[in-house]
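The values are calculated or read from the model by the stated rules, or taken from the named source; none is laboratory data. It should be emphasised that the depicted structure is a prediction, and the values quoted were computed from it without experimental measurement. All Cβ positions, glycine included, derive from the backbone under ideal geometry; neighbour counts span all protein chains shown. Protein only, heavy atoms only, side chains kept; ligands, DNA and RNA dropped before computing areas. Shrake-Rupley method; radii C 1.70, N 1.55, O 1.52, S 1.80 Å.
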Amino acid sequence: SFPGAPLRSAAASGAMATRLRIGAMALAALVVSARRRSDSDDACGDRPPSGTSALQQRETEGLPSPLALWSLKAAVSCQAAPYHNRGRLPVTSDPEPGCDCGEDAFFIAAPTPSTVAIGVADGVGGWRDEGVDPAEFSWSLMNTCRSQAELQGDSSQVRRKASTRRERRRRREELAKSEGGDPRELLRDAFSHMLQCTPGPPAGGSTACLASLNRSSGVLSIANLGDSGAVVLRNAEVILASRPQQYSFNFPVQMAINLDGESGLATPDQADFYTTTVQEGDVVVLMTDGILDNVNLATLQRAAELLRDADPQEIADTIIGISHTLSQSSFDSPFSIAAREAGFPFPARGKVDDMTVVVARVERASEKPPPSESDRELLEQLRKREGRPPWLRKRAWWRYQKKLSDR
């Protein structure tokens with residue numbers, strides 16, 4: 001009823017709108033922090049802490065999707081040593097149903113738009129004297145590596161590792177440029193995740209050999225820790241072969257977690273690193289020492305020559321068959337030769353041990369890889385919660401802001 005009233009009413013409405021916006025921002029910050037706390041609490045699940053996948057990160061943050069030109073068609077074959085079948089300690093869970101690799105383990109990760117990774121591990125048998133099944137540690141390591149590989153490039157991990165906005169921007173730019181996985185970092189993250197298990201990290205020790213293919217550049221990176229190994233064949237010729245790491249004869253370099261939960265012996269940073277640019281038709285072979293102690297490179301080349309056009313599964317089964325036959329024979333194996341060179345009177349014969357091999361053939365990617373299960377679940381949650389595409393949500397937000405400013 002007096003002139004000043006409308007002005008005071010408009011000012012009060014503006015102040016109220018400002019307070020509402022600040023309250024909404026504070027509530028959103030609390031929700032984000034609660035989600036981050038819930039993610040960090042799950043330190044020892046079957047998979048690493050949940051978060052946005054690499055595919056979703058590129059969609060939400062505007063990073064360019066890589067052009068997937070290369071892929072790996074991988075297969076595995078393994079055979080447990082007879083004495084491990086007799087004295088095997090009970091395993092609480094079967095990580096790979098229908099596959100008994102003794103104390104060995106492996107993983108073949110689902111391909112992401114940028115990388116595809118594979119790996120093998122050999123559990124250290126000496127831990128049986130402590131009442132620990134070596135297979136528990138090796139399978140835990142490989143399962144964690146697989147999960148980390150499938151979630152590599154996770155934007156939530158970028159936020160955790162980079163505390164400042166500038167650091168986050170730098171890591172996003174590096175991700176957009178490289179679009180590839182470093183197997184050393186993959187091994188390091190997996191081992192660190194195992195050390196953070198909330199009920200207590202699994203005790204044991206293992207060697208490891210990981211390979212990761214950059215799907216856009218065709219660069220294959222290999223990290224080898226211990227006496228497992230990798231060989232890359234092109235037209236049955238060896239273009240790359242890793243070297244074993246040993247403290248002394250038959251004492252391989254190994255990463256371990258002691259019974260008190262502390263890490264011991266080697267760290268993932270001590271792994272040897274190899275790179276090569278692959279071509280279509282190249283064959284990548286990752287093997288544990290049960291094969292390398294019986295099969296030399298010449299025998300492996302002859303098998304690759306005979307199976308040049310064979311399926312990776314047939315090649316893997318053949319390598320296991322050759323290694324098993326030689327381990328039972330009087331053949332002067334690589335192990336017996338190395339034993340005599342080290343001063344041990346070892347006769348000319350093979351060495352019986354667990355045997356695991358992962359064989360992968362490099363192929364041209366025919367189509368964009370399908371989204372992983374985590375991608376599909378996240379996208380479904382976003383659709384249910386938001387109901388609108390990002391550009392429409394942004395337009396609606398600015399319309400709402402304009403309405404507030406016009407009041």
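Assigned to a helix (DSSP H, G or I) and touching a residue at least 24 places away in the same chain (Cβ under 8 Å) - does that describe any residue in the stretch 337-352? Checked the stretch 337-352: at least one residue is assigned to a helix (DSSP H, G or I) and touching a residue at least 24 places away in the same chain (Cβ under 8 Å).
Can you name every residue in the stretch 258-284 that is out of contact with any helix residue (DSSP H, G or I) (no Cβ under 7 Å at 6 or more places or on another chain) and either assigned to a loop (DSSP other than H, G, I, E, B) or surrounded by 23 or more Cβ atoms within 10 Å (Cβ to Cβ) (or both)?
Those that are out of contact with any helix residue (DSSP H, G or I) (no Cβ under 7 Å at 6 or more places or on another chain) and either assigned to a loop (DSSP other than H, G, I, E, B) or surrounded by 23 or more Cβ atoms within 10 Å (Cβ to Cβ) (or both): ASN258, ASP260, GLY261, GLU262, THR267, VAL278, GLN279, GLU280, GLY281, ASP282, VAL284.
Of all the numbered requirements in (1) crowded, with 22+ Cβ neighbours inside 10 Å; (2) under 26 Å from ALA365 (Cα atoms); (3) not small (Gly, Ala, Ser), HIS193 misses one, and that requirement is (2). Does the stretch 107-125 contain any residue that is in a loop (DSSP other than H, G, I, E, B), touching a Ser or Thr at 6+ places or on another chain (Cβ under 9 Å), closer than 30 Å to ASP260 by Cα and modelled with pLDDT under 55? No, every residue in the stretch 107-125 fails to be in a loop (DSSP other than H, G, I, E, B), touching a Ser or Thr at 6+ places or on another chain (Cβ under 9 Å), closer than 30 Å to ASP260 by Cα and modelled with pLDDT under 55. The set of residues from the stretch 348-364 being open to solvent by 70 Å² or more (accessible area, probe 1.4 Å) and over 30 Å from the mean Cα position of the chain (by Cα) comprises just one member, ARG349.
In the stretch 291-336, how many are open to solvent by 60 Å² or more (accessible area, probe 1.4 Å), without any contact (Cβ under 8 Å) to a residue 12 or more places away in the chain and farther than 26 Å from GLU280 by Cα? Total satisfying the criteria: 1.
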